[in-house]
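Some notes on the structure that comes next.
The values are calculated or read from the model by the stated rules, or taken from the named source; none is laboratory data. Since the structure is predicted, the reported quantities are computational estimates derived from the model, not experimental observations. Virtual Cβ from ideal backbone geometry, glycine too; neighbours counted across all protein chains shown. The accessibility values were calculated without ligands, DNA or RNA, using every heavy atom of the protein model including side chains. Shrake-Rupley method; radii C 1.70, N 1.55, O 1.52, S 1.80 Å.
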Amino acid sequence: MQSIDLAHSSPTAQELADQVRQAFLHAQPLRIIGGGSKAFYGRHVEGKPLSVNQLQGIINYEPSELVITAKAGTPLHVIESTLAEQEQMLGFEPPYFSPTATLGGTIACGLSGPRRPYSGAVRDFVLGVTMINGKGEILRFGGQVMKNVAGYDVSRLMCGAQGTLGVLLDISLKVVPKPAFEQTQQLQCNQQQMQTLLSQLGRQPLPISATLLHNNQLSIRLSGTEPGVRAAALKIGGELPATAPLWQQLKEQQHAFFHSTDNYIRLSLPPAAPAIPEHLVTDQLIEWGGAQRWVRPHDNDLIEWTTSHGGHVTTIDRAVQKSTQFHPLSRPLLQLSQRIKASFDPARILNPGRLYPDL
């Protein structure tokens, strides 16, 4: 970690740091604002608005090194368009939810798309960040190269922190080549059959990049070279789907499952966890090989069932309250999170309560 002299930072970064410093001195809570595409993802925050939208632009991009560095307010579509020109992409396949999605908001929310269990989560691609802590100091963690492994990888703490630890200024990310060819196979099966099949396929060198089970229809996306994908498709069997944008719809929560309501629950579970008892849910969509399950609950015992199987629950309301309730932390995790919060934001002014009331 190194502290950066404000005189060598951009005027916008200096202005933001000055605002945070003044807020720290006066114990004034700040509500960090980006593109607003994921405003529903978290608890409501009271505080003075602090916009980072003016922080836009790609600072450095080295296609041969598979690394890109950009300012936090840079629109996500600009990042992905630039990468696409070089046949590259963000490996964690982030959702947008709106054309206003920014790189900083993507990292702060820590959301990954269908490719996540096969390529990695957001945090696996973050090489370094520059940020403002709760005292108005500009700090840099990590670096802009893949082999930077010295010290604690603090930059990954920013993934999913929702701005509660710092205001992101710029982010360096690993990128990956785009697959030369993709194809989706669909088969009829239930959840138990899916888990058995995916367990068998997982022991083979197959280019699986996404899975989805809904209404007893399993979709498996294959990504790689055309000969490799076609050979894998023959081994898996099934048929090609009628609709091409399946994975885009899933990533952006535009799949038919999400059409009937804006209130749903996301369960994070071990992939081998058993099927949810029918009396607890009315409908569900399963991805990540069983590790992520979107459900519409029918019974309040769902949280207890999920916890007993090693998982956690996230309740999302995009209609009325436009907020998200995260699974309660255990006492040890809460105490650890509070200590981390205190070290980065001792006055608790950055997005207070965004994740939990005590953070």
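For the chain, compute the number of Lys pairs whose alpha carbons are separated by less than 16 Å, excluding pairs fewer than 8 positions apart on the same chain.
Values: Lys38/Lys251; Lys38/Lys322; Lys48/Lys135; Lys71/Lys174; Lys135/Lys341; Lys147/Lys174.
Number of lysine pairs found: 6.
Amide H to amide H, which residues 5 or more places from Asp283 or on other chains are under 5 Å from it, using H placed in the peptide plane?
Result for Asp283 returns Arg296.
What are the equivalent ellipsoid semi-axes of the chain, built from the alpha-carbon gyration tensor (square roots of five times its eigenvalues), in whole angstrom, biggest first?
On the way: eigenvalues 256, 131, 58 Å².
Values for the chain, descending: 36, 26, 17 Å.
So what does Glu87 come to for accessible area, using a 1.4 Å probe and Å² rounded to 10?
120
Go ahead and estimate [θ] at 222 nm for the chain from helices alone: -39,500 (n - 2.57) per DSSP H run with n ≥ 4, summed, over the residue count, rounded to 500.
Details: 10 runs with 89 residues, N = 359.
Here the helix-only value at 222 nm equals -7000 deg cm²/dmol.
Could you work out the relative contact order of the stretch 196-275, using alpha carbon pairs under 8 angstrom and six or more residues apart, expressed as a whole percent?
The normalised contact order for the stretch 196-275 reaches 15 percent.
Given charges of +1 on the Cβ of Lys and Arg and -1 on the Cβ of Asp and Glu, with all other atoms neutral, how large is the dipole of the stretch 181-317 about its Cα centre, in debye to the nearest 20? Please report the intermediate quantities before stating the final value.
Details: 8 positive and 12 negative charges, 111 e Å.
That gives a dipole near 540 debye.
Determine ³J(HN,Hα), in whole Hz, for all residues of the stretch 286-293 in sequence, where each value follows from phi through the Karplus function 6.51 cos²θ - 1.76 cosθ + 1.60 and θ = phi - 60°; x replaces Gly and Pro.
So the Karplus estimates, Gly and Pro as x, are 10, 10, 6, x, x, 7, 10, 10 Hz.
How much length, in nm to one decimal, is gained on full extension between Glu226 and Phe181, taken as 0.36 nm per residue of separation minus their Cα-Cα distance?
Working: separation 45, 0.36 × 45 = 16.20 nm, distance 0.52 nm.
Gain in length upon complete extension: 15.7 nm.
Beyond 18 Å, how much of the Cα-Cα pair distribution for the stretch 255-318 remains, as a whole percent?
Details: 537 of 2016 pairs.
Pairs farther apart than 18 Å: 27 percent.
Under 5 Å between amide hydrogens, which residues at least 5 positions from Gly35 or on another chain qualify, with H placed 1.01 Å from N in the peptide plane?
Correct list: Thr102, Gly105.
Let me know the longest stretch in the chain that avoids all trypsin sites (Lys or Arg not before Pro) found in a DSSP loop with at most 11 other C-beta atoms within 10 Å.
204-359
At q = 0.12, 0.14, 0.25, 0.26 Å⁻¹, what log₁₀ I(q)/I(0) does a Debye calculation on the Cα points of the stretch 51-129 give, no solvent, two decimals?
-0.30, -0.42, -1.44, -1.54
Considering Cα pairs under 8 angstrom that are at least six residues apart, work out the relative contact order of the stretch 181-317 and quote it in whole percent. Walk me through the intermediate numbers first.
Values: 227 pairs, mean separation 34.8, N = 137.
It comes to 25 percent, rounded to a whole number.
Given bins 10 angstrom wide, list per bin the percent of all Cα-Cα distances in the stretch 177-242, short to long.
Result returned by the calculation: 22, 57, 20, 1.
Given Cα pairs under 8 Å that are at least 6 residues apart, what percent is the relative contact order of the stretch 288-331?
Working: 20 pairs, mean separation 9.7, N = 44.
Once normalised by length, the contact order is 22 percent.
Could you work out the Rg to Rh ratio of the stretch 181-317, with Rh taken as the Kirkwood radius (inverse of the mean 1/r over all Cα pairs)?
With Rg and the Kirkwood Rh in hand, the quotient comes to 0.98.
Would you calculate the separation in nanometres between label points at Glu304 and Asp262, each defined as 7 Å from the Cα along the Cα-to-beta-carbon direction?
3.2
Run the accessible area of the chain with a 1.4 Å probe and give the carbon-and-sulfur part as a rounded percent. Numbers along the way, then the final one.
Numbers: 8760 of 16970 Å².
Using a 1.4 Å probe with all protein chains present, the chain comes out at 52 percent carbon and sulfur.
Going by amide H atoms built from the backbone, whose H comes under 5 Å of the H on Gly91, apart from near neighbours?
For Gly91, whose amide H was placed from the backbone, the distant partners under 5 Å are Val176.
Give a residue-ordered list of calculated ³J(HN,Hα) values for the stretch 98-108 (Karplus: 6.51 cos²θ - 1.76 cosθ + 1.60, θ = phi - 60°; whole Hz; x for Gly, Pro).
Rounded to whole hertz, the list is 5, x, 7, 4, 10, 5, x, x, 4, 5, 4.
Averaged per residue, what accessible surface does the stretch 181-317 expose to a 1.4 Å probe, in Å²?
Value for the stretch 181-317: 48 Å² per residue.
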